[in-house]
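Heads up, the thing below is written out as C-alpha cells.
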Amino acid sequence: MTRKLVLVEQQFSRYNCAQTVFSLFAEEVGLDKKTALKIASGFGGGMACAETCGAVTGSYMVIGMKHGHDSSHPDAKARTKQAIQRFNEKFKKEHGSLICKKLTGYDISTPEGASAAHEDAVFQTKCTAFIKTACDILQDEF
C-alpha cells in the first residue's frame, strides 16, 4: 500500500474528499498543502449539493495541475479533456458513477441525508474507498 493510501483515512478524518485527494498530491503539483486545502474546500460533499463526488473533483484538480492547458490551442484543450475522460472511465468502472448521492446512496446536502449517512458510517466506509480509488488512478495513470 502506498503512503498516500495510508494517509487517506488520517486526512479524511479532518478534511472533505476533494481536500483529501488534492492535498495528498499538492507537493507533486507544486503547491503547499495549506493552499491545496483552501482551493479544494468548496468541492466536498459533491460540491455541497451531492453531485460530482469530491474525490473526483479533487482528482480533476490534480490532473489539471499536472496536465492542464494554459493556452487556447485546441490540441491542448483536447489533451486535458481526454485525461479527465480517462479518469472518469476508470472511476466509473470501479464504482458505477461519478455522482455523490448515487455513490453513497444518500443526499448528503440535506441535514437528514447527512445525518443518515453519518449513522450508517458511509463516510468511513464508502467515501474512503472512493478516495483510495481516485488516488490509485492518479498514481497509476497520471
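The values are calculated or read from the model by the stated rules, or taken from the named source; none is laboratory data. Everything quoted here is computed from the prediction, not taken from an experiment. Reconstructed Cβ throughout: ideal geometry from the backbone, glycine too, with neighbour counts over all protein chains shown.
Okay, residues lined up against (1) in contact with a Ser or Thr (Cβ under 7 Å, 6 or more places away or on another chain); (2) not charged (D, E, K, R):
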position	(1), (2)
Cys53	no, yes
Val62	no, yes
Asn88	no, yes
Glu94	yes, no
Ser97	no, yes
Lys101	no, no
Pairs under 9 Å by beta carbon, first residue free of Cβ contacts under 8 Å to residues at least 60 places away in the same chain in region 33-56, partner exposed (fewer than 14 other Cβ atoms within 10 Å of the Cβ), six or more apart or different chains? Lys33/Glu27; Ala36/Glu27
Pull out all pairs, ordered by first then second residue, where Cβ-Cβ is under 9 Å, the residues are six or more apart or on different chains, the first lies in region 83-95 and is more than 11 Å from Leu138 (Cα to Cα), and the second is surrounded by fewer than 18 Cβ atoms within 10 Å (Cβ to Cβ) and among the small types (Gly, Ala, Ser). Glu94/Ala129; His95/Ala129
Per the filter on region 1-38, residues surrounded by 14 or more Cβ atoms within 10 Å (Cβ to Cβ), closer than 28 Å to Gly105 by Cβ and at pLDDT 80 or above are Tyr15, Asn16, Cys17, Ala18, Gln19, Thr20, Val21, Phe22, Ser23, Leu24, Phe25, Leu37
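Could we say that Thr125 is over 15 Å from Gly58 (Cβ atoms), hydroxyl-bearing (Ser, Thr, Tyr), surrounded by fewer than 16 Cβ atoms within 10 Å (Cβ to Cβ) and modelled with pLDDT under 95 here? Spell out the reasoning first.
Details: over 15 Å from Gly58 (Cβ atoms): yes; hydroxyl-bearing (Ser, Thr, Tyr): yes; surrounded by fewer than 16 Cβ atoms within 10 Å (Cβ to Cβ): yes; modelled with pLDDT under 95: yes.
Yes; evaluated as a whole, the condition is true for this residue.
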Restricting attention to region 20-50, which residues are within 22 Å of Lys81 (Cβ to Cβ) and under 12 Å from the mean Cα position of the chain (by Cα)? Val21, Phe22, Phe25, Ala40, Phe43, Gly46, Met47
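State all residues of region 19-55 that are among the hydroxyl-bearing types (Ser, Thr, Tyr) and either in contact with a Lys or Arg (Cβ under 8 Å, 6 or more places away or on another chain) or under 25 Å from Gly113 (Cα atoms) (or both); if no residue qualifies, say none.
Restricting attention to region 19-55, the residues satisfying the condition of being among the hydroxyl-bearing types (Ser, Thr, Tyr) are 20, 23, 35, 41, 52.
Thr20, Ser23, Ser41, Thr52 - these are the residues of region 19-55 that are among the hydroxyl-bearing types (Ser, Thr, Tyr) and either in contact with a Lys or Arg (Cβ under 8 Å, 6 or more places away or on another chain) or under 25 Å from Gly113 (Cα atoms) (or both).
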When Asp75 is run through (1) surrounded by 13 or more Cβ atoms within 10 Å (Cβ to Cβ); (2) more than 11 Å from the chain's Cα centre (by Cα), the failure sits at (1)
Which residue out of Gly46, Gly64 is out of contact with any Phe, Trp or Tyr (no Cβ under 8 Å at 6 or more places or on another chain), assigned to a helix (DSSP H, G or I) and closer than 13 Å to Cys17 by Cβ? Gly46
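Looking at Gly54, Gly45, Gly68, which is the one that is small (Gly, Ala, Ser), surrounded by 14 or more Cβ atoms within 10 Å (Cβ to Cβ), closer than 14 Å to Phe142 by Cα and touching a helix residue (DSSP H, G or I) at 6+ places or on another chain (Cβ under 8 Å)? Spell out how you get there, then give the answer.
On the way: Gly54 fails: closer than 14 Å to Phe142 by Cα; Gly45 fails: closer than 14 Å to Phe142 by Cα.
So the residue among Gly54, Gly45, Gly68 that is small (Gly, Ala, Ser), surrounded by 14 or more Cβ atoms within 10 Å (Cβ to Cβ), closer than 14 Å to Phe142 by Cα and touching a helix residue (DSSP H, G or I) at 6+ places or on another chain (Cβ under 8 Å) is Gly68.
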Evaluate region 108-120: report whether one residue or more is free of Cβ contacts under 8 Å to residues at least 24 places away in the same chain, in contact with a Gly (Cβ under 9 Å, 6 or more places away or on another chain), among the acidic types (Asp, Glu) and over 18 Å from Gly64 (Cα atoms). yes
